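The values are calculated or read from the model by the stated rules, or taken from the named source; none is laboratory data. None of these values were measured; they are calculated from a predicted model. A quick note on method: Cβ atoms are made from the backbone with ideal geometry, for glycine too, and the neighbour counts reach across all protein chains shown.
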Amino acid sequence: MPFGENALKKILFIGHDANRAGAQLVLLQMLRMLRQRGVPTHLLLCGDGPLEPEYRQLTGVTKLPQPVTRLFGWRIDKVLYLLRIGQWLHRREEEKRRKAFEEEIKSVGADLVLINTVTCSKGYRDIAPWVSGLPAVLFAHELEMAVRMYTQPDNLRFTLDRSRHLIAVSKAVARYYSEAYGFDPGRISTFQLIDIPNLLAKIEQARALPDVLAQHGVPADAVVIGGCGNAEWRKGNDLFNVIAEQVISRYPDRPVYFVWVGMPRSPLYEDLHLDLRKAGLTAQVLLIEPTPEVFRYTSRFDIFALCSREDPYPLVALEAALSETPVVCFEKAGGAPELVEEDGGFVVPYLDTVAMADSIGKLIDDETLRRTMGRQLRRKVLERHSSEQSMDQFLSIVDQQTTTASRYAT
């Protein structure tokens with residue numbers, strides 16, 4: 001382990017929530033890998049989600065203080081507010097919580113702050129007065145659409161101005177922060193940190209279980225085109241339906257199914273399901289809710305359709321690659337084309353659903369091509385994203401930043 005005494009510097013991570021999505025899962029894997037190496041960590045978690053118990057198994061967790069919504073009970077509170085005592089008690093309780101939160105953050109004893117996504121910018125700004133002497137590193141998973149959706153310009157600018165180093169998950173992300181925000185390219189590292197052995201084990205475990213798609217009426221000999229991710233416009237759930245119609249209509253006598261994993265019951269689900277009913281596709285296009293058993297679905301995919309309008313460097317595409325599943329994606333939509341290239345699937349013009357349908361059709365028709373591209377994609381992930389090498393690179397950044405900070409402090 002080539003990092004000397006700084007290898008065991010304590011890292012305070014900031015996570016924006018604990019939902020089962022790409023950046024949050026990458027954070028979970030990072031915490032697991034760091035624990036295996038004996039690196040001390042702590043997590044400031046700014047929101048809730050199903051991954052929280054898994055985070056707590058790996059590290060200490062501090063939550064942002066919740067707003068005071070009740071003092072004693074609604075009847076007593078009503079009287080107290082009418083007497084103008086409630087307002088004073090409310091402020092006192094919020095200050096008490098804020099002070100306890102401050103003391104907890106200070107007691108962590110961190111040496112470096114790792115801001116895991118620009119969505120955490122507000123969380124970092126909240127604690128900045130208490131960690132102002134610590135070097136900050138920003139792990140950027142977002143591009144323009146996500147930045148616009150999930151950050152406030154002043155919070156992001158505050159974070160970028162105080163980040164000594166930026167880790168970008170792809171060249172597309174590195175280029176974006178350099179060009180759009182003037183972040184010094186010399187202080188940007190580009191890599192993705194994933195726990196490949198853990199992912200491969202999960203894939204093998206899933207494949208050893210009964211075919212989960214059989215429960216949904218999908219025949220064993222079906223060609224399954226998969227999608228996976230949050231349900232939002234940015235992820236192209238609507239485009240998935242359009243492409244499904246274009247592909248399925250070409251194979252009236254062959255079992256071709258489209259399966260999206262990660263679609264909670266919501267107004268968007270209802271809209272998409274209505275489209276499928278009108279198109280007569282509800283039997284062959286399945287919208288599966290978020291599940292911890294996601295690998296039971298994705299390991300069954302024959303082709304992965306990455307319909308995202310924007311996806312910096314999707315974990316789901318890396319997982320598909322490890323399952324030897326070729327990927328079809330849009331150019332100019334993020335970092336996936338950097339991995340897929342010409343031998344791991346197909347990169348088609350942005351929003352050209354016909355071109356994506358054509359490419360999926362080529363893979364349906366040619367099983368040999370499908371397997372060849374899938375194996376090649378897996379090979380590239382194993383070569384380019386070695387877990388040990390990525391962790392070494394990450395710890396080198398930690399070592400460099402903490403060493404520099406110590407030198408300035410003395």
Next on the checklist: I'd like to know if segment 175-191 contains one or more residues that are in the same structural domain as Lys332 (by TED's automatic domain parsing) and farther than 27 Å from Leu31 by Cβ.
Outcome noted: no
Next on the checklist: What are the pairs with Cβ atoms under 9 angstrom where one residue, in segment 258-273, is more than 17 Å from Val212 (Cα to Cα) and assigned by TED's automatic domain parsing to the domain that holds Val223 and the other, located anywhere, is assigned to a helix (DSSP H, G or I) and at pLDDT below 90? Sequence gap at least six, or different chains.
Outcome noted: Leu268/Trp233
Checklist entry - Which members of segment 352-370 meet the condition of being in contact (Cβ under 8 Å) with a residue 40 or more places away in the chain, farther than 15 Å from Thr325 by Cα and either in the same structural domain as Ser170 (by TED's automatic domain parsing) or crowded, with 16+ Cβ neighbours inside 10 Å (or both)? => result Thr353, Met356, Ala357
Checklist entry - With respect to the numbered conditions (1) crowded, with 22+ Cβ neighbours inside 10 Å; (2) closer than 18 Å to Gly229 by Cα, which one is the sole condition not fulfilled by Val347? => result (2)
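Within segment 327-339, is even one residue among the acidic types (Asp, Glu), surrounded by fewer than 18 Cβ atoms within 10 Å (Cβ to Cβ), more than 29 Å from Gly186 (Cα to Cα) and modelled with pLDDT of 90 or more? Talk me through it step by step, then tell me what you get.
Filtering segment 327-339 down to residues among the acidic types (Asp, Glu) leaves 331, 338.
Then drop every residue that is not surrounded by fewer than 18 Cβ atoms within 10 Å (Cβ to Cβ), which leaves 331, 338.
So of that shortlist, the ones also more than 29 Å from Gly186 (Cα to Cα) come out as none.
Among the residues of segment 327-339, not one is among the acidic types (Asp, Glu), surrounded by fewer than 18 Cβ atoms within 10 Å (Cβ to Cβ), more than 29 Å from Gly186 (Cα to Cα) and modelled with pLDDT of 90 or more, which makes the answer no.
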Item to check | Some residue of segment 340-350 being touching an Asp or Glu at 6+ places or on another chain (Cβ under 6 Å) and hydroxyl-bearing (Ser, Thr, Tyr) | outcome: yes
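Residues checked against (1) surrounded by 18 or more Cβ atoms within 10 Å (Cβ to Cβ); (2) among the β-branched types (Val, Ile, Thr); (3) without any contact (Cβ under 8 Å) to a residue 40 or more places away in the chain:
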site: Leu306; (1), (2), (3): yes, no, no
site: Met373; (1), (2), (3): yes, no, no
site: Leu382; (1), (2), (3): no, no, no
site: Glu388; (1), (2), (3): no, no, yes
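Could you tell me how many of the residues in segment 250-268 are out of contact with any helix residue (DSSP H, G or I) (no Cβ under 9 Å at 6 or more places or on another chain) and farther than 16 Å from Leu363 by Cα? Don't jump to the end; show me each part of the working.
Here is the first cut: in segment 250-268, the ones out of contact with any helix residue (DSSP H, G or I) (no Cβ under 9 Å at 6 or more places or on another chain) are 252-253, 255, 264-267.
From the residues that got through so far, the ones that are farther than 16 Å from Leu363 by Cα too are 252-253, 264-267.
Of the residues in segment 250-268, 6 are out of contact with any helix residue (DSSP H, G or I) (no Cβ under 9 Å at 6 or more places or on another chain) and farther than 16 Å from Leu363 by Cα.
How do the helices (runs of 4 or more DSSP H) wholly within segment 114-184 filter down when requiring 2 or more residues that are of a type in the set (A, V, I, L, M, F, W, C): which remain?
Filter on segment 114-184 gives 144-150, 153-162, 171-181.
Return yes or no: is Phe301 modelled with pLDDT of 95 or more, part of a loop (DSSP other than H, G, I, E, B) and on the phi < 0 side of the Ramachandran plot? Give the steps one after another, and end with the answer.
Values: modelled with pLDDT of 95 or more: yes; part of a loop (DSSP other than H, G, I, E, B): yes; on the phi < 0 side of the Ramachandran plot: yes.
The answer is yes for Phe301.
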